[in-house]
Structure formats: structure tokens, C-alpha cells
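Asks: One structure, as C-alpha cells, below. Some questions next.
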Amino acid sequence: MNTTVVGRSSCTSILIGKKASLSGSVIIGRNEDAKTAWPKHLAFNHHKNVKNNHFKSKDNKFEIDLPEKIFSYSSTPEWTDKYGVFEEDGINEYHVAMSATESAYANDRVMAVDPFNTEKGILEEAMVTVVLPYIKTAKEGVIRLGKIVEKHGAAEADGILFADRDEAWYMEIGSGHHWVAQRIPDDSYAVVANQLAIQEIDFDSDNFLYSNNLQNFVYNNQLWPKDKPFIWRDIFGTHDDSDLHYNTPRVWSGQRLLTPSAEQKPQDFNLPFTRKPDAPISAQDAQHVLSDHFNNTVYDLTNKKNKDQPAFRPISVATTQESHLLELNGEDMIHWLAMGVAAQSVYIPFYPQGTKVPSTWKNGKETYSPNSAYWVFKLASVLVDRDWSKYGTALSNTQNSTNEKLLQIRHQYDEKLAKENDPAKRTDLINEANAKLAKTATDAYKELTAKLITEQTGDSPLRFQMDPNL
């Protein structure tokens, strides 16, 4: 994210192969973490043709000519584009999903010989905008962004997620002009937390893509010996104390949820990039990962008893602006979107091919306003935070009942759409479904807020026990 205004995004990502998921879906997702009060909107961008299509960043001097044909796609832009677009995530009309970015860090050795082009290189804020509307497969997305990085340079180290109906790819930018991408094995998943995470690169495998002359760059600059396996994250990444408190514990927690049979420690530098799950992963399991705050462990920050335990940064934090999962399965596409803190919100299964954004989902500025979906969920979070042990049950009850209603609505409209062949009527049904899904969730949280405010009237420090007759 913009370094002056909102700070770099400190996200957590997940990627799931089709044979590792319960439904046979390819799923990618991420918590977009930057600031505690920085609203996001939902957008459905229409297919269009634009002559002399050109992008110019408002965050730095990066600019690029773009194709005239722009595919339709969903996205979650910021409430203002003053500091950049930050569309962050979405699914396009060709069933390709993209999420950008997972911020990372490159080591000093690499920066000395190929520093980031902070003045004119591509930043997070531009990536979805200049890539997602122009690609027809996940692999195309990696190649397109890779060419941009090699030509224009990158302004920062980032991880970028791509998926289509067949495969998921994770791409990492490790220096000003060098990058690598790995296809997630179909039977596996990956959890990533603000580190360059890809391990050994097999240069003879179709499961890897990488920048031009990557090996020569490394060997010519004496960044790694030729007779050792080419370990990307050891060559380009960091390996310091902050990783042990801020990053690796999140990867450990995600893996403990999906592969509980693995015996690992929170501060293990050698956690694998990809793992096989102990059981098929549902979308709800993935949501559980992105909502995790070390639940049921001694590191849970919401449990007052754990105040003397090591301070590890959890996956779900107060700075989450939105959390998303992008699910692709045959003709089905789901843009799961949770506004605000994932642990305190609900994931709404939007149809990304919609053309009308529910009104409250395109509202909201930096200051609280009741007509904004972001602020509806954020207000409930603030009220629960006053005493999670006291109000957490009301929150979880609302989450459970709302999730059930949302899944029922989505199922009902899936059945209606399966029987409707007319394109115009299908679009009307999708817009109707999105409106109903959005309203169901926000109505539930408005009801929760009313309950919390009413209950908290008795929490004032000015309470005084006195004769009830006075």
C-alpha cells in the first residue's frame, strides 16, 4: 500500500489446489491489511473498449499503455483513488482470479545489485488494474505481470495470487527486475505471510515460471553457489528475528488448522511452502484460516489469560480492510467478501459477474457513516472489542445464523440460474441475488449493533450502586 498514507499491506494469503478442496474448486484468498479505518468498496467493472488506453499511477510515476479491450471483472477498490486505485482482488469474465498483493521483503545483498525502482516501477496499487482485465488464464497473468516487472521494474517486493478453473499460481517479486512463480500442486495448499516463501526452483519443470536470466543474475553477482539447490527464499528473502514474531507464526497457524497431523513450532524458519491437507478443504475452512487469531491456543490475543505469552502477530487483525476468497469451479464463480476484520465479519458469496453494486457497498469514506457496508461491519467490531469475552457470544451467534442464510440464498439462486438461459434474465437474477445477499448480511449486523449498544449502556464507569427508590 502507499508508504506515506496507509503503509505497506501486511496481509496473509491462501491458495488451494482443486484436488485439495472439498468441492473440486480452485481457491485463492487474502486478508488485505493496512489500516484500522480505511474503507473498501465492491465494484463490478463492465466489459468495454477504450482507444488509447493508458494507465498512469497516482502513487508514483509508473505508467503503461494498455490493450483497448477491457474484460469485465469484480474488484474491491479503496474509498479514494487519491493515493492509487488498489483494486486488490477480483474475478474476470474468463474465470480468472487475481489477488495483489502479499507484501514481502528482499535482503540487502539482492538490493545492492538490483534495487527496486520506487520512482517508476509497478506498485501494488496498479497490479490488478493493469493485469486482470487483460488475461484469459492464470498462467497468462503471471507472464503478463512478469514482463511488466522486467521492462518497467518493480517498486517493492510482493507476492501475487492467480487462479483459473484448473490451477493456482503464486508469483513473487524478489528484486527490481526478478521474479519467480510456482504452480500450487493440485493436491496441496499454501499459506503465505509477508515473506518470500517459494523454496527450491526446478528450472526444468513446467510448474515454475521465472524472470529472464534469473540464474545468471544470481551466479554472476555471487548471491548463491552454483553447486547448491536454487532456494529462492534463501537467495532473495529475509531471515531475521522479526520473521519469528511477525510472519512464521501465521504460516504455522494456517498449517496447524489444515494439516493438524504435522508437528511444527510457531517459530520454525523451515515451514514448507506447500502442504497437503489432512482432509479436503472447504471454502469455510479457508475462511477459518483467514479469520484465525490463534484461536484455542495460548497465543490468542482475545483471551485475557494469555497476556504473558509470546507476542505473535495473528492472521486476523484490526487493520484488515477486507478479506476475500475467489473460488472457481466449472461455470461457477464466487467472490467471497468479508468487510473489515475477518474474525468479526461474514463472507458474502457474491456473483462477480454482476453489473449492479448494492448501494451500501459503494459507499463509505475515512470517517464513519451508517450508509456504508464497510462501516456497518466495522462498528460491530468496535463494540465487540470493548469486551470480547462478554460480547463474543453475540457476535458468533450472528455470524453462524447469517452464514447459514447466505449459503441458502446462494444455493437458491444457483438453482434458478441453472434453469435460465436468457442472458439478460440471468444478469437480472445475479443482480437480484447480490442485492439480497448484501442486505441479509448488513441487516444482521445492524441488529447485532443495536443489541450491543443496548447492552453496553450498563458498562459505564459512572455506574453507582444506590437505593433503587432514589
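The values are calculated or read from the model by the stated rules, or taken from the named source; none is laboratory data. Fair warning: this is a prediction, and the values are worked out from it, not measured in the lab. Here the Cβ positions follow ideal geometry from the backbone for every residue, glycine too, while neighbour counts run over all protein chains shown. Note: accessible area is taken over every heavy atom of the protein model, side chains too, but ligands, DNA and RNA are not part of it. Shrake-Rupley method; radii C 1.70, N 1.55, O 1.52, S 1.80 Å.
Asks: Only one of these is over 15 Å from V191 (Cβ atoms), open to solvent by less than 10 Å² (accessible area, probe 1.4 Å) and touching a strand residue (DSSP E or B) at 6+ places or on another chain (Cβ under 8 Å): E327, E322. Name it.
Replies: Working: E327 fails: open to solvent by less than 10 Å² (accessible area, probe 1.4 Å).
Just one listed residue meets the conditions, E322.
Asks: If you don't mind, another one. Is it true that K147 is open to solvent by 10 Å² or more (accessible area, probe 1.4 Å) and under 21 Å from the mean Cα position of the chain (by Cα)? Break it down stepwise before answering.
Replies: Working: open to solvent by 10 Å² or more (accessible area, probe 1.4 Å): yes; under 21 Å from the mean Cα position of the chain (by Cα): no.
Here the answer is no, as K147 does not meet what is asked.
Asks: Further question on the same structure: So which residues in the stretch 360-386 are more than 13 Å from K451 (Cβ to Cβ) and part of a helix (DSSP H, G or I), if there are any at all?
Replies: T360, W361, K362, A373, Y374, W375, V376, F377, K378, S381, V382, D385
Asks: What tally of residues in the stretch 267-276 results from selecting those that are at pLDDT below 95 and either polar (S, T, N, Q) or crowded, with 19+ Cβ neighbours inside 10 Å (or both)? Walk me through how you get there before you give the answer.
Replies: Narrowing the stretch 267-276 to residues at pLDDT below 95: 267-270.
Now narrow it down to the ones that are either polar (S, T, N, Q) or crowded, with 19+ Cβ neighbours inside 10 Å (or both): 267, 270.
The qualifying residues number 2.
Asks: Taking the stretch 335-353 only, how many residues are part of a strand (DSSP E or B) and small (G, A, S)?
Replies: Filtering the stretch 335-353 down to residues part of a strand (DSSP E or B) leaves 335-339, 348-350.
Those still in the list that are small (G, A, S) too: 338.
Residues meeting the conditions: 1.
Asks: Go through A450, A441, A424 for me and flag whichever is surrounded by fewer than 20 Cβ atoms within 10 Å (Cβ to Cβ), of a type outside the set (D, E) and more than 21 Å from Y73 (Cα to Cα).
Replies: A450
Asks: Within the stretch 387-441, track down each residue that is of a type in the set (K, R) and assigned to a helix (DSSP H, G or I).
Replies: Kept after step one, since they are of a type in the set (K, R), are these residues of the stretch 387-441: 390, 405, 410, 416, 419, 425-426, 436, 439.
K390, K405, R410, K416, K425, R426, K436, K439, listed by residue number.
Asks: Restricting the search to the stretch 302-341, which residues are in contact with a Leu (Cβ under 7 Å, 6 or more places away or on another chain), closer than 15 Å to A373 by Cβ and among the hydrophobic types (A, V, I, L, M, F, W, C)?
Replies: If the condition is that a residue be in contact with a Leu (Cβ under 7 Å, 6 or more places away or on another chain), closer than 15 Å to A373 by Cβ and among the hydrophobic types (A, V, I, L, M, F, W, C), then W336, L337 are the ones that fit.
Asks: Would you mind stating whether Q284 is surrounded by fewer than 20 Cβ atoms within 10 Å (Cβ to Cβ), among the polar types (S, T, N, Q) and modelled with pLDDT of 95 or more? So that I can check it myself, show each step before the final result.
Replies: Numbers: surrounded by fewer than 20 Cβ atoms within 10 Å (Cβ to Cβ): yes; among the polar types (S, T, N, Q): yes; modelled with pLDDT of 95 or more: yes.
Taking the combined requirement at face value, the residue satisfies it.
Asks: Return yes or no: is K82 among the basic types (K, R) and either more than 19 Å from A342 (Cα to Cα) or free of Cβ contacts under 8 Å to residues at least 12 places away in the same chain (or both)? Talk me through it step by step, then tell me what you get.
Replies: Values: among the basic types (K, R): yes; either more than 19 Å from A342 (Cα to Cα) or free of Cβ contacts under 8 Å to residues at least 12 places away in the same chain (or both): yes.
Yes: the conditions hold for K82.
Asks: Also: Checking the structure you have, find out if any residue of the stretch 448-457 is under 19 Å from A338 (Cα atoms), charged (D, E, K, R) and not assigned by the TED database to the domain that holds S291.
Replies: Here is the first cut: in the stretch 448-457, the ones under 19 Å from A338 (Cα atoms) are 448-449.
Now drop any that are not charged (D, E, K, R), which leaves none.
Taking every residue of the stretch 448-457 in turn, none turns out to be under 19 Å from A338 (Cα atoms), charged (D, E, K, R) and not assigned by the TED database to the domain that holds S291.
Asks: Then there's this: Filter the stretch 358-374 down to residues that are open to solvent by less than 30 Å² (accessible area, probe 1.4 Å) and in contact (Cβ under 8 Å) with a residue 12 or more places away in the chain, then give me how many there are.
Replies: Residues of the stretch 358-374 open to solvent by less than 30 Å² (accessible area, probe 1.4 Å): 358, 361, 364, 369, 372-374.
If we keep only those that are in contact (Cβ under 8 Å) with a residue 12 or more places away in the chain as well, we get 358, 361, 364, 372-374.
Result for the stretch 358-374: 6.
Asks: While we're on this one: Here are some conditions: (1) assigned to a loop (DSSP other than H, G, I, E, B); (2) within 17 Å of the chain's Cα centre (by Cα); (3) within 25 Å of S401 (Cβ to Cβ). D300 meets all but one. Which one does it not meet?
Replies: Of the numbered conditions (1) assigned to a loop (DSSP other than H, G, I, E, B); (2) within 17 Å of the chain's Cα centre (by Cα); (3) within 25 Å of S401 (Cβ to Cβ), the odd one out for D300 is (2).
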